[in-house]
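The values are calculated or read from the model by the stated rules, or taken from the named source; none is laboratory data. The structure presented is a predicted model; accordingly, all values stated were derived computationally and were not measured. We place every Cβ from the backbone using ideal geometry, glycine too, and count neighbours over all the protein chains shown.
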Amino acid sequence: MHIIHYCGAIKVGLAQCLLNLHWYSESDVADTFFPRCYRICTEDEKAAFIEDYRLTACVSFLKYIVDAYESRGSIALTDSHSKITPLSVDFAARQLSNHVRMRRHEDIDWNTPPGQMTNHWEAFISQYYAVVHHKRKMHFESPDAVRVKYETAKRALLKISAVLPQYKMDGMLNIWICKPGARSRGKGIVIMNQLEKILDLLGHASIRESNWVVQKYIERPLLIYKTKFDIRQWFIITDWMPLTVWFYK
């Protein structure tokens with residue numbers, strides 16, 4: 001039995017253990033049984049978190065389009081005075097398609113100027129906040145135009161759902177739990193759903209509190225009679241292969 005001890009930032013150590021878990025299990029399945037988490041005190045994981053947030057925003061945006069159209073029709077999405085363009089649907093669908101291609105290793109020869117995509121992402125995230133967070137509508141020329149975008153969103157979600165193990169539990173609001181690494185008993189934990197505010201939180205942290213762990217909030221959890229629950233159970237894992245777990249009755 002191996003016991004790994006991390007001094008100082010306990011949550012950071014736990015996050016690192018989870019991220020390294022794929023070495024002890026099947027490839028590409030580690031994110032099926034724990035919420036996605038990142039140590040945004042490191043530059044590579046901070047970049048990975050931003051990429052995850054953006055992808056989740058695209059999925060959430062298209063989920064909202066599909067859900068609104070199927071529940072209330074084109075009127076749920078249309079406002080003739082709105083300045084929000086439906087081109088954001090095409091942008092989100094294209095990003096999901098790109099992610100699927102990346103998972104299939106079809107992105108080797110891609111060469112996109114980094115500055116160009118940054119501007120596009122900022123515009124999309126702004127529209128995502130407006131539509132999903134603030135329930136603002138978009139400008140469509142006709143009900144047929146709404147139906148076309150709905151079908152685009154539906155196709156994109158069908159493709160991406162096959163490669164995202166946590167697709168069904170993510171919801172639409174892109175909520176993340178931000179935990180300071182050096183505290184315990186829930187102290188300092190905040191819930192956020194805006195990318196710039198999460199990154200700003202890290203920028204204003206002290207040196208001691210800079211080891212933040214950002215973890216995806218399960219927006220659609222398993223419920224019992226529509227009620228959230230948790231089970232506090234002591235257990236010990238003595239081996240990974242084969243997985244051996246001991247726990248009290």
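Does the stretch 139-162 contain at least one residue that is of a type in the set (A, V, I, L, M), under 25 Å from Arg101 (Cα atoms) and not in a helix (DSSP H, G or I)?
yes
Among the numbered criteria (1) part of a helix (DSSP H, G or I); (2) of a type outside the set (Lys, Arg); (3) modelled with pLDDT under 85, which one does Met1 miss?
Status for Met1: all satisfied but (1).
Kindly establish whether Val66 is part of a helix (DSSP H, G or I) and more than 15 Å from His133 (Cα to Cα).
Considered against the rule, which asks whether it is part of a helix (DSSP H, G or I) and more than 15 Å from His133 (Cα to Cα), Val66 comes out as yes.
Given the condition at pLDDT 75 or above, in contact with a Leu (Cβ under 7 Å, 6 or more places away or on another chain), assigned to a helix (DSSP H, G or I) and not hydrophobic (A, V, I, L, M, F, W, C), answer yes or no: does some residue in the stretch 74-81 qualify?
No, the conditions are met nowhere in the stretch 74-81.
Sort out which residues of the stretch 89-113 are among the small types (Gly, Ala, Ser) and at pLDDT below 95, and write them in order of number.
Ser97
Between a residue in the stretch 122-146 that is within 16 Å of Leu62 (Cβ to Cβ) and any residue that is surrounded by 17 or more Cβ atoms within 10 Å (Cβ to Cβ) and of a type in the set (D, E, K, R), which pairs come within a Cβ distance under 9 Å, given they are 6 or more apart or on different chains?
Matching pairs, first to second residue: Phe124/Arg54; Ile125/Arg54; Val131/Lys137; Val132/Lys63; Met138/Lys149; Phe140/Lys149.
Scan the stretch 48-68 and give yes if some residue there is more than 15 Å from Asn174 (Cβ to Cβ), of a type outside the set (Phe, Trp, Tyr), touching a strand residue (DSSP E or B) at 6+ places or on another chain (Cβ under 8 Å) and free of Cβ contacts under 8 Å to residues at least 60 places away in the same chain, otherwise no.
yes
Every residue, every condition in (1) surrounded by 13 or more Cβ atoms within 10 Å (Cβ to Cβ); (2) over 24 Å from Leu195 (Cα atoms); (3) more than 18 Å from the chain's Cα centre (by Cα), yes or no:
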{"residue": "Ile50", "(1), (2), (3)": "yes, no, no"}
{"residue": "Tyr53", "(1), (2), (3)": "yes, no, no"}
{"residue": "Thr56", "(1), (2), (3)": "yes, no, no"}
{"residue": "Asp67", "(1), (2), (3)": "yes, no, yes"}
{"residue": "Ala76", "(1), (2), (3)": "yes, yes, yes"}
{"residue": "Pro86", "(1), (2), (3)": "yes, no, yes"}
{"residue": "Val146", "(1), (2), (3)": "yes, yes, yes"}
{"residue": "Ala156", "(1), (2), (3)": "yes, no, no"}
{"residue": "Ile160", "(1), (2), (3)": "yes, no, no"}
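Any idea which of Glu45, Glu70 is within 26 Å of Phe91 (Cα to Cα), charged (D, E, K, R) and modelled with pLDDT of 90 or more?
After ruling out the rest, the residue left standing is Glu70.
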